[in-house]
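A.B. asks: Quick one: the structure is below, and I'll ask about it shortly.
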Amino acid sequence: MALKQRVDLHRGVETAFGKVIPEKEAYSFCLRTIAAFSANIFQVMRILNDDWEDRTARICETANMMNCAACSGSEGQLQQYLNAFYDEWNIPEFVDREAWIGAIWGDYGDEAEDMAGRVIQFTRNRVEKELDSCPWDIVGSEMCNMTTAMFTANFDIAAGGEHGKITNDVALNMCEARGCGDPHCRVVAERLDAFGLHHQGWLDHRGESAAPVHDTPLERRVKHAQGLRNGQYTQTFGEEHSFEWQYNWVAQMGWVWSISFPLIAIRDMEKNDGDFDRVLPIVFSTAGKNHFVDPFAREGLRAWLDIPREVGDNDPRVMGAYIGAIMGCQLVPFEWEAFDSDGVTIKVSTDDFNGRFPMAPLDEITAGYEAEWNGAVKTLVSPEWSVWIDGKDDEYQFIQIGRKIDTHMV
Amino acid sequence: MLFKDDEVARADALAVRKDSGWYRWTHDTVDVTGADSTALLDKLLVNTVAQCNVGREKYTTMLDDSGGIIDDLMAIRLEENHWWLSTLYGPQMVRWLGEHAEGCDVAFSDITPEIDMFSVQGPRSAEVMDKLLDAPVDELKRFQIVDASIGGISVRVDRGGFTGELGYEIYCSRSDSDQILKLLRDADSRELQTLEVFVRSLPMEKGMALRQDYHHLTPFEANLGWSVHLDKKGDFVGRAALEKAQEVGPRYAFVGVEIERESYEDICQNEIVRKRGIPVGKCRQMIYGYTVGKNIGYAIVDPKRCPLGTKVTIGPNDSPAVIVAPKWC
């Protein structure tokens, strides 16, 4: 047999030092960075509002409203929106697609976000979704509740009793894991009329289901979603979406549901004007400083990015390579303007950096990462170095890693 | 609770196998009319539908240019130049017809939003139908469709279904759905609750597959070689690819799998099938068969490596399974 003509091509993200992070690993890292950003935002929320029930109810209401708004408009416009969705996924009429679109939406979102599990039952009056693992547990239980509000919206926009109104026609219960730490989660949706159930409030989603659950035994559960397991997602009706599609979806929509929607409620929780803008950088800066306090964390990063030993520990390129890896794995295009021992400059379009999903740009991404990276560089490289972003209001912004004396470092 | 312990689903399944059961099932329906309708369908479908008499139906497949199955469907001849096509996704079929209808005297549309459909299945289904209908249809032949009336409401009734049992399908206007629904609920027949039972469990036990099971396979690979008559039929979409496929031989075998564990619940579509750790194919779907009492499924596998009886594993938890013929009862 003749030798191969060349090495097989592998897709991945190339680091500043030429190492390729394989696509699946890059996707997992991307997911984790978004979840971590969301976790920081939720910490801001907890500082602004110390009442778990109040803040949970408020982000639930906002997430529900925003999900509804995503396909608001006239009845005709809504139908057009839904038809496009049915079309994309080849969803036939025979399943009462309007009735259970929430489950269909939810399942591909869960799978894209590597919340591994399955729609274990999909019937006329009942949908049961089982999650075996959830990398989003680091965010907090407010988010678990928030997703039930999103599900409710998705059910109601398509199948609600009255167009444009939230009618809550289903009872949704997280009847297993009711917070973080329990890896196995189960959400059951049951039609109120079929099961004789009552309308729920935002904090009532932790009850039991009316009908018995279908349990997947422990030894049969999965650790990762279909994309990582099998290379694509296949939904109930057989329509396949590639891993590439899944990765792209996460890099856009992950920022919307986990950060953009909650932020609307969180900004509104500040008791005094300016509290949010003051607290956010403090939280992100602290998180950044703690990234690399352990010596093995820095060594681990060097190994992961294949940073050569010629590049010393007190070299801004270490931090530059780290930021480059984050942006590369988050699928943000950028250019290196400078990359040497005197400093690093990364040029990135402000629209690309903040507008991961173009319809919902987030200035908080710039604010959060500027604080987080400025904190991280102190422990990853040394306190001699700072990270700041120039041109935040311009077409392009420049992420700078340079020596800076900061007399008021927070 | 494992699916085998689901008593509601079990009662649904056994009603259809031993008595009768009904459910609302609306496969999408595409209406095709016009002087060239039959010629167009003969160009797009593997079987020669021109041979189908008015009032009768033919099971066939629709291929893409590579010979891969886009959909398997019933072509229902209502009049000389008037057809209904059953499909699991009408908008896609309408687009496909549009791509091939240039210059044809033909009109087609997805009429799924206008019509509704109910399926009455099981050995006692004829008795249930005769009580429902204004005139009995127990003489109806398999794959025959007639105009009928239920409580004064005009309907179409055909003898067929997707359970492998004696069964009938009632087509009505959506505006009459509520009345038909009420009459069915008053009939002496079980209303099925569990979608999985009538979409997957009952059909799979009898070897009936969904569109997604056959997707991208040639008819030869999907065990539908009997429907291909290259010597008797002229050109049709996918013919050239089928001729080549026949020469080369099948890339895949469409087989049954039986899970040798208590549950199948971790196995989704396209989970990888391995033989001694080496990928040899992909699972299509799994379900519990309430009649046969087994966890059963379909898979597409390398035909050379996986003859019947081959031991394989499926999915990330290495669920042990054996390759069997894709029909259980």
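The values are calculated or read from the model by the stated rules, or taken from the named source; none is laboratory data. Just so it is clear, the model here is predicted, and its values are computed rather than measured. Cβ coordinates were reconstructed from backbone atoms using ideal geometry, including for glycine residues, and neighbour counts include every protein chain displayed.
A.B. asks: For B:Val146, state whether it is in a strand (DSSP E or B), outside the structural domain of B:Asn295 (by TED's automatic domain parsing) and in contact with a strand residue (DSSP E or B) (Cβ under 7 Å, 6 or more places away or on another chain). Reasoning before the result, please.
C.D. replies: Working: in a strand (DSSP E or B): yes; outside the structural domain of B:Asn295 (by TED's automatic domain parsing): yes; in contact with a strand residue (DSSP E or B) (Cβ under 7 Å, 6 or more places away or on another chain): yes.
So B:Val146 passes the test.
A.B. asks: For residues in the range B:61-91 being surrounded by fewer than 19 Cβ atoms within 10 Å (Cβ to Cβ) and closer than 16 Å to B:Tyr214 by Cα, which is farthest from the other protein chains (Cβ to nearest Cβ)? Give the steps one after another, and end with the answer.
C.D. replies: Residues of the range B:61-91 that are surrounded by fewer than 19 Cβ atoms within 10 Å (Cβ to Cβ), as a first pass: B:64-66, B:78-82, B:91.
From the residues that got through so far, the ones that are closer than 16 Å to B:Tyr214 by Cα too are B:64-66.
On the way: B:Asp64: 15, B:Asp65: 19, B:Ser66: 16 Å.
Looking at residues that are surrounded by fewer than 19 Cβ atoms within 10 Å (Cβ to Cβ) and closer than 16 Å to B:Tyr214 by Cα, I get B:Asp65.
A.B. asks: Just need a number here: residues in the range B:1-34 that are of a type in the set (S, T, N, Q) and farther than 21 Å from B:Arg159 by Cβ.
C.D. replies: Within the range B:1-34, residues that are of a type in the set (S, T, N, Q) and farther than 21 Å from B:Arg159 by Cβ number 1.
A.B. asks: Return the only residue of B:Ile145, B:Ile150 being touching a residue at least 24 places away in the same chain (Cβ under 8 Å), more than 14 Å from chain A (Cβ to nearest Cβ) and under 16 Å from B:Trp22 (Cβ atoms).
C.D. replies: Details: B:Ile145 fails: under 16 Å from B:Trp22 (Cβ atoms).
Result: B:Ile150 is the single residue among B:Ile145, B:Ile150 that is touching a residue at least 24 places away in the same chain (Cβ under 8 Å), more than 14 Å from chain A (Cβ to nearest Cβ) and under 16 Å from B:Trp22 (Cβ atoms).
Yes/no matrix, rows are residues, columns are (1) touching a residue at least 24 places away in the same chain (Cβ under 8 Å); (2) part of a loop (DSSP other than H, G, I, E, B):
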residue: A:Gly18; (1), (2): yes, yes
residue: A:Leu31; (1), (2): yes, no
residue: A:Ala39; (1), (2): yes, no
residue: A:Asp50; (1), (2): no, yes
residue: A:Phe94; (1), (2): no, no
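A.B. asks: Would you confirm, using the coordinates I've provided, whether A:Lys404 is surrounded by fewer than 21 Cβ atoms within 10 Å (Cβ to Cβ), among the charged types (D, E, K, R) and under 30 Å from A:Ala265 (Cβ atoms)? Before the answer, list the steps.
C.D. replies: Numbers: surrounded by fewer than 21 Cβ atoms within 10 Å (Cβ to Cβ): yes; among the charged types (D, E, K, R): yes; under 30 Å from A:Ala265 (Cβ atoms): no.
Against the criterion (surrounded by fewer than 21 Cβ atoms within 10 Å (Cβ to Cβ), among the charged types (D, E, K, R) and under 30 Å from A:Ala265 (Cβ atoms)), A:Lys404 does not qualify.
A.B. asks: Any residue in the range A:327-340 that is touching a Pro at 6+ places or on another chain (Cβ under 9 Å) and either among the aromatic types (Phe, Trp, Tyr) or more than 20 Å from A:Val256 (Cα to Cα) (or both)?
C.D. replies: Kept after step one, since they are touching a Pro at 6+ places or on another chain (Cβ under 9 Å), are these residues of the range A:327-340: A:327, A:339-340.
When the remaining residues are screened for being either among the aromatic types (Phe, Trp, Tyr) or more than 20 Å from A:Val256 (Cα to Cα) (or both), the result is A:339-340.
Looking for residues that are touching a Pro at 6+ places or on another chain (Cβ under 9 Å) and either among the aromatic types (Phe, Trp, Tyr) or more than 20 Å from A:Val256 (Cα to Cα) (or both), one finds at least one in the range A:327-340, hence yes.
A.B. asks: Hand me the list of helices (runs of 4 or more DSSP H) wholly inside the range A:205-285 holding 1 or more residues that are at pLDDT 90 or above and of a type in the set (Phe, Trp, Tyr).
C.D. replies: A:243-255, A:261-267
A.B. asks: Scanning the range B:24-39 for residues that are in contact with an Asp or Glu (Cβ under 9 Å, 6 or more places away or on another chain) and away from chain A (no Cβ under 14 Å), which turns out surrounded by the most Cβ atoms within 10 Å (Cβ to Cβ)?
C.D. replies: Keep residues of the range B:24-39 that are in contact with an Asp or Glu (Cβ under 9 Å, 6 or more places away or on another chain), which gives B:24-31, B:33-38.
Of the ones still in play, those that are also away from chain A (no Cβ under 14 Å) are B:31, B:33-38.
On the way: B:Asp31: 20, B:Thr33: 16, B:Gly34: 17, B:Ala35: 11, B:Asp36: 16, B:Ser37: 25, B:Thr38: 22.
Filtering first and then ranking leaves B:Ser37.
A.B. asks: Six or more apart or on different chains, Cβ under 6 Å: which pairs go from a residue in the range A:233-255 that's more than 14 Å from every other protein chain (Cβ to nearest Cβ) and over 19 Å from B:Ile70 (Cβ atoms) to one that's assigned to a helix (DSSP H, G or I) and of a type in the set (Phe, Trp, Tyr)? Could you list them?
C.D. replies: A:Tyr247/A:Tyr27
A.B. asks: Same structure again: When you go through (1) in contact with a His (Cβ under 9 Å, 6 or more places away or on another chain); (2) closer than 25 Å to B:Arg17 by Cα one by one for B:Thr112, which number turns out not to apply?
C.D. replies: Of the numbered conditions (1) in contact with a His (Cβ under 9 Å, 6 or more places away or on another chain); (2) closer than 25 Å to B:Arg17 by Cα, the odd one out for B:Thr112 is (2).
A.B. asks: From the set of residues in the range A:183-201 that are touching a Gly at 6+ places or on another chain (Cβ under 9 Å) and within 15 Å of A:Thr148 (Cα to Cα), which is surrounded by the fewest Cβ atoms within 10 Å (Cβ to Cβ)?
C.D. replies: Keep residues of the range A:183-201 that are touching a Gly at 6+ places or on another chain (Cβ under 9 Å), which gives A:184-187, A:189, A:200.
Now narrow it down to the ones that are within 15 Å of A:Thr148 (Cα to Cα): A:185-187, A:189, A:200.
Details: A:Cys185: 24, A:Arg186: 21, A:Val187: 25, A:Ala189: 24, A:Gln200: 18.
It comes out as A:Gln200.
A.B. asks: Step by step: first the residues of the range B:314-323, then only those that are surrounded by fewer than 18 Cβ atoms within 10 Å (Cβ to Cβ) and assigned to a strand (DSSP E or B), then the one that is modelled with the lowest pLDDT. Which residue is that?
C.D. replies: B:Pro320
A.B. asks: Exactly one of (1) in a helix (DSSP H, G or I); (2) within 14 Å of chain A (Cβ to nearest Cβ) is unmet by B:Gln179. Its number?
C.D. replies: Going through (1) in a helix (DSSP H, G or I); (2) within 14 Å of chain A (Cβ to nearest Cβ) one by one, B:Gln179 breaks only (2).
Residues checked against (1) surrounded by 15 or more Cβ atoms within 10 Å (Cβ to Cβ); (2) modelled with pLDDT under 80; (3) within 11 Å of chain B (Cβ to nearest Cβ); (4) part of a loop (DSSP other than H, G, I, E, B):
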position	(1), (2), (3), (4)
A:Ala63	yes, no, no, no
A:Leu78	yes, yes, no, no
A:Asn83	no, no, yes, no
A:Glu88	no, no, yes, no
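A.B. asks: Here is a follow-up. Identify, from the list A:Arg118, A:Arg124, the residue that is assigned to a strand (DSSP E or B) and within 14 Å of chain B (Cβ to nearest Cβ). Don't jump to the end; show me each part of the working.
C.D. replies: Numbers: A:Arg124 fails: assigned to a strand (DSSP E or B).
Just a single option satisfies the conditions, and that option is A:Arg118.
A.B. asks: Here is a further query. Does B:Gln246 meet the test of being in contact with a Leu (Cβ under 9 Å, 6 or more places away or on another chain) and not aromatic (Phe, Trp, Tyr)?
C.D. replies: Numbers: in contact with a Leu (Cβ under 9 Å, 6 or more places away or on another chain): yes; not aromatic (Phe, Trp, Tyr): yes.
Yes, satisfied.
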